[in-house]
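Asker: There's a structure below that I have some questions on.
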Amino acid sequence: MNTIAYFKERFDQLQPNDDHGGLDKLREQAFQAFSNMGIPGSKHEEWKYTRVAGLFNKEFQLPADPLTGSISTEDLNKLRLPGHELASEIVFVNGFYSFSLSRIRSTGIQVLALEEAANNGYREFVAQWLGDSSHYQKDGINALNTAFVHGAVFINVDKGARIEHPLYIYHITDARSVNILSQPRSLMSVNEGAQLQVVENYTTLGSNESFTNQVMEIIVENEARLEYYKIQNDGTNTNQVSTTHIRQIGKSFTHTVTISLNGGLVRNNLNVVLDAKNCEAHLYGLYFQTGQSHLDNHTIVDNMKPNCLSNELYKGILNGHSTGVFNGKIFVRQPAQKTNAYQSNKNILLSDSCSVNTKPQLEIFADDVKCTHGCTVGRLNEEGLFYLQSRGISEKTARNLLLSAYSSDILEQVKPFALRGYIEKLISQRLEKDLS
Amino acid sequence: MLTIQNLHAGIEGKKILNGINLDIKAGEVHAIMGPNGSGKSTLASVLAGRSDYEVLEGSVEFLGRDLLDLSPEQRAAEGLFLAFQYPVEIPGLNTVNFIKTAVNEVRKYRGEAPMDAVAFLKRMKEKMALVNIEQSLLSRSLNEGFSGGEKKRNEIFQMAMLEPRLAILDETDSGLDIDAIRIVSNGVNKLRNKDNAVLVVTHYQRLLDYIVPDFVHVLYNGRIVKSGTKELAHELEERGYDFIKNENSVEAV
């Protein structure tokens, strides 16, 4: 069992003696916080529907070192995303950044070991922003990642750099011999005027269980533009708590799309903090769950400054015995006048045994704001189904067409062309399989 | 082509059709008229195979097959077409892709190879001219944001593409102005030939000025209470449905 005592033992083993750019102190504090808060149970308000505690009752190995030697180039080639020939690629293996497998092909992007960055020129930045997500994720899971910040990366996108090809981040868990708990961590700085597309993808090798507890923190500066895509299509023996924390500290534009197609237990935390005037943020999500899978999207849009716009649309299809959670928080702080914030969550339930809990949560402290939210849970449009069938289209094809149509407005938000084609193919394969 | 015998049907335990008898032959145009609630749309729905309607008694034979035994898509593939009173809007489903899928699924059912892109495009252009529909409309999501007239024209366009043996037009004139009715009717008339038939379901006589029926049937309380030629439609237009109701209440006494 992965008890606090187990982690304490591992923590003590892993602690190096030197300062490592101030990271040691942060890790120490985080471990303390983890010990105090522990693993969130179902009484924790943010974890009511996602029973992560059960995962800690299993045996997971927390690897001490990068096991990059065990991942070959052939392993990697099999899971590379289309368009990788031109893309920059960062590879994490069991939570550790792999220098040998990663390739940065664009000038304007620097990738450093986090400790190296903290020691060389980025000390202040790291001190200021590493752990920023803990202000929103007040639970032991987030602290556990920070307590074990090793093999993490710092990604810098130069001022004014318009990166033409996307940055792909692969998280590979090698569970071929034992159950693995991996804790990837990254910190990214998108400097003034920079433009970048980031794609994160998750793959577990082997049939043992994996548990990925990931945190990525991104700081977006003035006039910068970030597109961020998360693709979750891993095996049923994989589990994830995946936190993406974005803070927009200058007038900037962000666009995130979270595509969750497969997995065991998956919890996504997406925070977008609008910490400057005139920011714009778009948050999209598409999930298609089946079998016993559980997917939880927790999103936070925190409007701190005036004149910001956020638009959020999450759509889901659930089948089998799967369960879904959507929890969308919007904060509008007192100074954030003239905020426009929109949120919508739509769900289609295909079976009688699947379910979804959807909860919009608005906390508004400013008076001159425009906020809307809404959620729907329903069946596939029967009238639409009959309409298509009455034109000679078989019931299966008709369902397929209707669900593809339903997904299409989110898929349109996937801007890199090769990536969209790839996801469309994954979805059509899923529909083919699920509807037969 | 279509033989309905003693058809009784209802929805959610409520009986609506009380013994319909109707015979339609190739090359004919039949009109079913009747006041609101008489069962006109129920008849159209039952024939097309809408699943929430329950057939309680009777039989329907279509081109020698037991129609009631077939799924909606099989009925379509066998040559039955229903032009919806309220065509469904499906955001995200491209109209052309939808029609192409329909055409090829029907071909598959008939054991024919799928139509290649060139042949499909050629047929589409041909039929577009026939029903006066623009490419821009077909490039959009199916019926999404279409005007009433555009939706009905799209129905007739689908009919043209699928070339059914029997087309049922369910209140196709509802919500249309005279110009739109003329365009839609022209489309239907151009598609008529000696091998196919049309069943027009309508409340008003005005559509029948454009699609001229060979036979008119009046539906009341779920039964055909009067049949005649197109003059019957004019009589109804002049006298209203009340005389039908009165005649039938007298009969009941």
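Asker: Within the group B:Gly58, B:Gly27, which residue is surrounded by fewer than 17 Cβ atoms within 10 Å (Cβ to Cβ), away from chain A (no Cβ under 14 Å) and touching a residue at least 24 places away in the same chain (Cβ under 8 Å)?
Answerer: On the way: B:Gly58 fails: surrounded by fewer than 17 Cβ atoms within 10 Å (Cβ to Cβ).
Just a single option satisfies the conditions, and that option is B:Gly27.
Asker: Does B:Asn143 satisfy the condition of being within 11 Å of chain A (Cβ to nearest Cβ), closer than 26 Å to A:Glu383 by Cβ and polar (S, T, N, Q)?
Answerer: Working: within 11 Å of chain A (Cβ to nearest Cβ): yes; closer than 26 Å to A:Glu383 by Cβ: yes; polar (S, T, N, Q): yes.
Taking the combined requirement at face value, the residue satisfies it.
Asker: Does B:Leu68 satisfy the criteria of being surrounded by fewer than 19 Cβ atoms within 10 Å (Cβ to Cβ), away from chain A (no Cβ under 14 Å) and farther than 24 Å from A:Ala398 by Cα? Quick ask: steps written out before the conclusion?
Answerer: On the way: surrounded by fewer than 19 Cβ atoms within 10 Å (Cβ to Cβ): yes; away from chain A (no Cβ under 14 Å): yes; farther than 24 Å from A:Ala398 by Cα: no.
No; evaluated as a whole, the condition is false for this residue.
Asker: Any chance the range A:249-260 includes a residue that's more than 24 Å from A:Pro184 (Cα to Cα), in contact with a Leu (Cβ under 7 Å, 6 or more places away or on another chain) and not polar (S, T, N, Q)?
Answerer: No - not one qualifying residue is present in the range A:249-260.
Asker: Can you tell me which residue within the range A:420-429, out of those that are closer than 19 Å to A:Thr256 by Cβ and of a type in the set (D, E, K, R), is nearest to the other protein chains (Cβ to nearest Cβ)?
Answerer: Step one: filter the range A:420-429 for residues closer than 19 Å to A:Thr256 by Cβ, giving A:420, A:422-424, A:426-427.
Adding the requirement that they be of a type in the set (D, E, K, R) leaves A:420, A:424.
Numbers: A:Arg420: 14, A:Glu424: 12 Å.
It comes out as A:Glu424.
Asker: Could you tell me which residue of the range B:85-124 is nearest to the other protein chains (Cβ to nearest Cβ), considering only residues that are surrounded by 14 or more Cβ atoms within 10 Å (Cβ to Cβ) and farther than 27 Å from A:Leu380 by Cβ?
Answerer: The first filter runs over the range B:85-124 and keeps only residues surrounded by 14 or more Cβ atoms within 10 Å (Cβ to Cβ), leaving B:85-109, B:114-115, B:120, B:123-124.
Those left that are additionally farther than 27 Å from A:Leu380 by Cβ: B:115, B:120, B:123-124.
Details: B:Met115: 13, B:Phe120: 15, B:Arg123: 15, B:Met124: 15 Å.
Filtering first and then ranking leaves B:Met115.
For (1) at pLDDT 90 or above; (2) among the aliphatic types (A, V, I, L, M); (3) touching a Lys or Arg at 6+ places or on another chain (Cβ under 7 Å); (4) assigned to a loop (DSSP other than H, G, I, E, B), each residue gets a yes or a no:
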| position | (1), (2), (3), (4) |
| --- | --- |
| A:Tyr6 | no, no, no, no |
| A:Phe11 | no, no, no, no |
| A:Leu76 | yes, yes, no, no |
| A:Glu85 | yes, no, no, yes |
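Asker: Could you tell me whether A:Gly392 is buried (at least 20 other Cβ atoms within 10 Å of the Cβ), among the small types (Gly, Ala, Ser), on the phi > 0 side of the Ramachandran plot and at the interface with chain B (Cβ under 9 Å from one of its Cβ atoms)?
Answerer: Working: buried (at least 20 other Cβ atoms within 10 Å of the Cβ): yes; among the small types (Gly, Ala, Ser): yes; on the phi > 0 side of the Ramachandran plot: yes; at the interface with chain B (Cβ under 9 Å from one of its Cβ atoms): yes.
Answer is yes for this residue.
Asker: Now, a different point. Take the residues in the range A:193-208 that are assigned by TED's automatic domain parsing to the domain that holds A:Ala143 and not in a strand (DSSP E or B), then tell me which one is nearest to A:Val91 (Cα to Cα).
Answerer: A:Ala194
Asker: Now, a different point. Against the conditions (1) more than 26 Å from the chain's Cα centre (by Cα); (2) of a type outside the set (D, E, K, R); (3) assigned to a loop (DSSP other than H, G, I, E, B), where does A:Tyr387 fall short? Just the number, please.
Answerer: (3)
Asker: Given the conditions (1) surrounded by 23 or more Cβ atoms within 10 Å (Cβ to Cβ); (2) touching a residue at least 40 places away in the same chain (Cβ under 8 Å), and given that B:Arg75 satisfies all but one, which numbered condition is not satisfied?
Answerer: (2)
Asker: Another question, then. If I filter the range A:395-419 down to residues being part of a helix (DSSP H, G or I) and either farther than 21 Å from B:Glu144 by Cβ or among the acidic types (Asp, Glu) (or both), which single residue comes out as farthest from the other protein chains (Cβ to nearest Cβ)?
Answerer: Filtering the range A:395-419 for residues part of a helix (DSSP H, G or I) gives A:395-411, A:417-419.
Checking which are either farther than 21 Å from B:Glu144 by Cβ or among the acidic types (Asp, Glu) (or both) leaves us with A:395-396, A:409, A:417-419.
Details: A:Glu395: 7, A:Lys396: 10, A:Asp409: 6, A:Phe417: 18, A:Ala418: 21, A:Leu419: 19 Å.
That would be A:Ala418.
Asker: With the structure loaded, tell me whether B:Asp195 is of a type in the set (D, E, K, R), over 21 Å from B:Tyr86 (Cβ atoms), touching a residue at least 60 places away in the same chain (Cβ under 8 Å) and surrounded by fewer than 23 Cβ atoms within 10 Å (Cβ to Cβ) or whether it fails that test. Explain how you work it out, then say what you get.
Answerer: Numbers: of a type in the set (D, E, K, R): yes; over 21 Å from B:Tyr86 (Cβ atoms): yes; touching a residue at least 60 places away in the same chain (Cβ under 8 Å): yes; surrounded by fewer than 23 Cβ atoms within 10 Å (Cβ to Cβ): yes.
Answer is yes for this residue.
Yes or no, residue by residue, for (1) exposed (fewer than 14 other Cβ atoms within 10 Å of the Cβ); (2) modelled with pLDDT of 95 or more; (3) among the aromatic types (Phe, Trp, Tyr):
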residue	(1), (2), (3)
A:Lys370	yes, yes, no
A:Cys375	no, yes, no
A:Gly384	no, yes, no
A:Tyr406	no, yes, yes
A:Arg420	no, yes, no
A:Ile427	no, no, no
A:Leu431	no, no, no
A:Ser436	yes, no, no
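The values are calculated or read from the model by the stated rules, or taken from the named source; none is laboratory data. Treat the numbers as computed from the prediction; the structure is a model and nothing was measured. Positions of Cβ are backbone-derived with ideal geometry, glycine not excepted, and every protein chain shown enters the neighbour counts.
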